[in-house]
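Working notes, beginning with the structure itself.
Where a number appears in this text, it was derived from the coordinates with a stated rule and is not lab data. Keep in mind that this is a model prediction, so the values were computed, not measured. Using ideal geometry, Cβ is built from the backbone for each residue, glycine included, and neighbour counts are taken over all protein chains shown.
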Amino acid sequence: MCYSGSCAQKFISLFKSIQGRLKSVSSEFEITVPEMMIMFELYENKTLSLNELSQKVESPKSSVSRIVDQLVNRGYVLRTIPVQDRRTVELSISNKCLECFDVVNINDRFNDVIVGGLEPAMAEKMISALDELNLILKENR
């Protein structure tokens, strides 16, 4: 139950605001928000399989595969086949990507456009509440 106004309207409005801000940051770097999410996960994790990456960005494997194909074609992501298991493919961020983008700075910019106007304690409180809500929603699927 929402205590003031419609919860659905508030979340839709919040989603649109965040989406618009993230798009404005990603467009400065000529990448999409999903591409940046994938590049950041690969930067953080060094190598991931397509399944692992799909789980981390919480998107369907087919969507992640399409985005990875685009990033591979642009030279930002590498696909390698490990010698020990030729059935798998490992994805990693390329040196070209690291030379073209300051991945950490872009991620910090993404965070800043969302919570940058809040006091640090309030931002942490909000993020914690959103994590809790996300966990509840995932449990009730």
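Remark: Asn107 matches the filter, which requires a residue to be surrounded by 14 or more Cβ atoms within 10 Å (Cβ to Cβ) and within 15 Å of Thr32 (Cβ to Cβ). Could you grab the pairs with beta carbons closer than 8 Å, sequence gap of 6+ or different chains, first residue in segment 14-33 and touching a residue at least 40 places away in the same chain (Cβ under 8 Å) and over 21 Å from Leu71 (Cα atoms), second one surrounded by 12 or more Cβ atoms within 10 Å (Cβ to Cβ) and β-branched (Val, Ile, Thr)? Every condition considered, the pairs that remain are Ile18/Ile114; Arg21/Val113; Arg21/Ile114. Of the residues making up segment 88-100, not a single one is of a type in the set (S, T, N, Q) and either within 27 Å of Ile18 (Cβ to Cβ) or touching a His at 6+ places or on another chain (Cβ under 9 Å) (or both). Pairs meeting the criteria (first residue in segment 109-130 and touching a residue at least 40 places away in the same chain (Cβ under 8 Å) and under 25 Å from Lys23 (Cβ atoms), second residue among the β-branched types (Val, Ile, Thr) and part of a helix (DSSP H, G or I), beta carbons under 6 Å, at least 6 apart or on different chains) are Arg109/Val25; Phe110/Val25; Val113/Val25; Ile114/Ile18.
Please determine whether any residue of segment 35-55 is of a type outside the set (A, V, I, L, M), out of contact with any Asp or Glu (no Cβ under 9 Å at 6 or more places or on another chain) and over 30 Å from Phe15 (Cα atoms). No: segment 35-55 contains no residue that is of a type outside the set (A, V, I, L, M), out of contact with any Asp or Glu (no Cβ under 9 Å at 6 or more places or on another chain) and over 30 Å from Phe15 (Cα atoms).
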